[in-house]
Structure formats: structure tokens, C-alpha cells
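For reference, the structure discussed in these notes is given below.
The values are calculated or read from the model by the stated rules, or taken from the named source; none is laboratory data. Small disclaimer: the values here were computed from a predicted structure and weren't measured. With ideal geometry, Cβ positions are generated from the backbone for all residues, glycine too; neighbour counts draw on all protein chains shown. We work out accessible area using only protein heavy atoms, side chains counted, and drop any ligands, DNA or RNA first. Shrake-Rupley method; radii C 1.70, N 1.55, O 1.52, S 1.80 Å.
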Amino acid sequence: MGVKKIVGKVVKRAATWNDLPFGTVVVAAAGSSERMEGEDKLFASLRGLPVIGWTLRALQKCENIHEIVVVTREESIVPIADLCAELEIAKATKIVRGGETRLDSVLIGVGEADPRAQYIGVHDAARPLVTEDIVKDAFRKAYKYHAACPAVPVTDTVKACKNGFVTETPDRKSLFAVQTPQVFSAEVLKAALHNAKLKKLEITDDCGAAEAIGISPALSLGSHENIKITRPLDLKLAEAIVEERLTK
Ligand code: CTP
Ligand code: MG
């Protein structure tokens, strides 16, 4: 057999689903949508499908993900299970009750991950427009660097302020807005989250927890379309993005 044939065979094998390290994604869906003016944003309709339905459908499609753990509010467990059945989200094998803070919810979700999980991603259920390319690149960077987060350069000038006055203008070229899924090797994420909980760190994302134990997460492909539904206006923007994608 010629060298070319051997190479061809190896490459083909490495590209199959089973050869990728076991990947779990924890979907954080236990928030209270306080900034949505009374609407549970995860069940808000986005072109006829609940926001979380879009999120789960996008994750189900990704070959790097073998298991989806959904962490949610008690009253949403059954509706999400029904939605998973309806949309055939076969990878969503665990739907569990979350915690008071996002960190608590993620810790619970990570605790439910399959023991085979080598890499764990954490994704905001409120980011329904995530794409396979974004997920893939975050996993690939995590395979190499232990931690990765999708990022986009900030477009606004960002000021550091104190007591109502500007104290500093950081160089915009060094500033990025980070998104989810943030992906980690399982040991790194577990150590990082437990440390953050123990030390009561006020982290706003999971990479922040990894940084606190000395890890420097790699930036991966982000998108200005991978928005987080936070306020009613975000839902309108998401509708417009979906509309545009459907006409492409
Ligand atoms: N989240 C969670 N558990 C919490 C708080 C938040 O799983 N205790 C999840 C949310 O459901 C959301 C993601 O973390 O998908 C990002 O949080 P955010 O956008 O702040 O959502 P909410 O906390 O629901 O919104 P708000 O802060 O306006 O109440
Ligand atoms: Mg919140």
C-alpha cells in the first residue's frame, strides 16, 4: 500500500465522530430573566421556537459534543424535557435543577457530566444563535490549550471609571468581548469552579474562574451574531439575524 493511501486512511479515521475526545456541554438555563421585563427569555418565541430550543438544536448538531447537561429552574425541567423529545435532542440526557448563582448552576451541571468527559463546555442557554463553527473552534482550542473562549474585538471605547469619573482608557486593540461556549479540559474546569466557590470569587464567566487558578484561556472564533438575549431588544435583534440566515 502506497504512503498516500495510508495517510488517506488515517486522516479519514481521525475525522469520525467516535475519535474525538468525549465532550460534554453544560447548558446554563437556571436564571430568572430579571432584565426581560417579566418574560422568561428561554421560553420566549424566536420565529416560533423557544430560545432554548434554538440553543439545544445548535449544540445537538456539533460532532465535538457527545452529551448535553441542562441545568435549569425546577419548573422548567419538564417543559425542557418535552422540548428535547419534540426536537429529538438525543444528546440531552440530563436535565437538572440549577442553583442560586450562575456559578452554582454550572458547578451542579459539571458534577452531572459523564465520567468519560475529557472536555467540558459551558454555554448560556440565552445564546440561541451559536453556530457549529463557533463550537468547533472553541473545542479545538481547548484540546490544545486547556481553556478557550469565543471572542470578538470590542467596537465601543471602554473606560475604567470610579465614583462617576473616568480613571483610564485601556487600549481598545487589547480588548475583546467574550461569549460562550467556553470550553475547558475537565480537570481544569472542575478545579477552577471549586476554587471560585471556595474563595467566593465574583466571577462573571467561567474563564474568569480558570484565570484565577493561573490558566490563560485561548481566544477562539466568536461572532457578533452570537448574542446573549438579555433585554427585550435583544430578542428583536435575534429575530432579524434568524430572518437573514433563513434568506441566505
Ligand atoms: N443562569 C443559570 N443559573 C443562574 C443564573 C443564570 O444557569 N443562577 C444562566 C441563565 O439562564 C443564562 C446564563 O446563565 O442562560 C447567562 O445569565 P444571564 O444572561 O444573566 O441570565 P439571567 O440570569 O436569567 O438574566 P438576569 O441576570 O437578567 O436575571
Ligand atoms: Mg443573570
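Any idea which of 204, 230, 180 is at pLDDT below 95 and either touching a Lys or Arg at 6+ places or on another chain (Cβ under 9 Å) or of a type in the set (A, V, I, L, M) (or both)? Exactly one residue qualifies, and that residue is 204. Residues that are under 22 Å from residue 23 (Cα atoms) and among the polar types (S, T, N, Q) are absent from segment 155-170.
Taken over segment 44-62, residues that are within 16 Å of ligand 2 (Cβ to nearest atom) and open to solvent by 20 Å² or more (accessible area, probe 1.4 Å) amount to 0. Among the residues of segment 148-203, those that are assigned to a helix (DSSP H, G or I) and farther than 24 Å from residue 70 by Cα comprise 172, 173, 174.
For every residue, the table says whether it meets (1) among the aromatic types (Phe, Trp, Tyr); (2) in contact with a Pro (Cβ under 8 Å, 6 or more places away or on another chain); (3) within 30 Å of residue 144 (Cβ to Cβ).
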| site | (1), (2), (3) |
| --- | --- |
| 20 | no, no, yes |
| 61 | no, no, yes |
| 68 | no, no, yes |
| 78 | no, no, no |
| 87 | no, no, no |
| 95 | no, no, no |
| 110 | no, no, yes |
| 121 | no, yes, yes |
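Put simply, of 101, 131 the only residue that is of a type in the set (S, T, N, Q), open to solvent by 60 Å² or more (accessible area, probe 1.4 Å) and out of contact with any strand residue (DSSP E or B) (no Cβ under 6 Å at 6 or more places or on another chain) is 101. If you go through segment 39-59 and pick out every residue that is in a helix (DSSP H, G or I) and of a type outside the set (Lys, Arg), you end up with 10. Residue under question is residue 247, and the condition is that it be open to solvent by 50 Å² or more (accessible area, probe 1.4 Å), closer than 23 Å to residue 105 by Cβ and free of Cβ contacts under 8 Å to residues at least 12 places away in the same chain; does it hold? It is false that residue 247 is open to solvent by 50 Å² or more (accessible area, probe 1.4 Å), closer than 23 Å to residue 105 by Cβ and free of Cβ contacts under 8 Å to residues at least 12 places away in the same chain. In the set (1) open to solvent by 80 Å² or more (accessible area, probe 1.4 Å); (2) touching a Leu at 6+ places or on another chain (Cβ under 7 Å), the condition left unmet by residue 144 is number (2). Considering only segment 68-98, state which residues are closer than 13 Å to residue 56 by Cβ, in a helix (DSSP H, G or I) and in contact with a strand residue (DSSP E or B) (Cβ under 9 Å, 6 or more places away or on another chain). The answer is 76, 79, 80, 81, 83, 84, 87.
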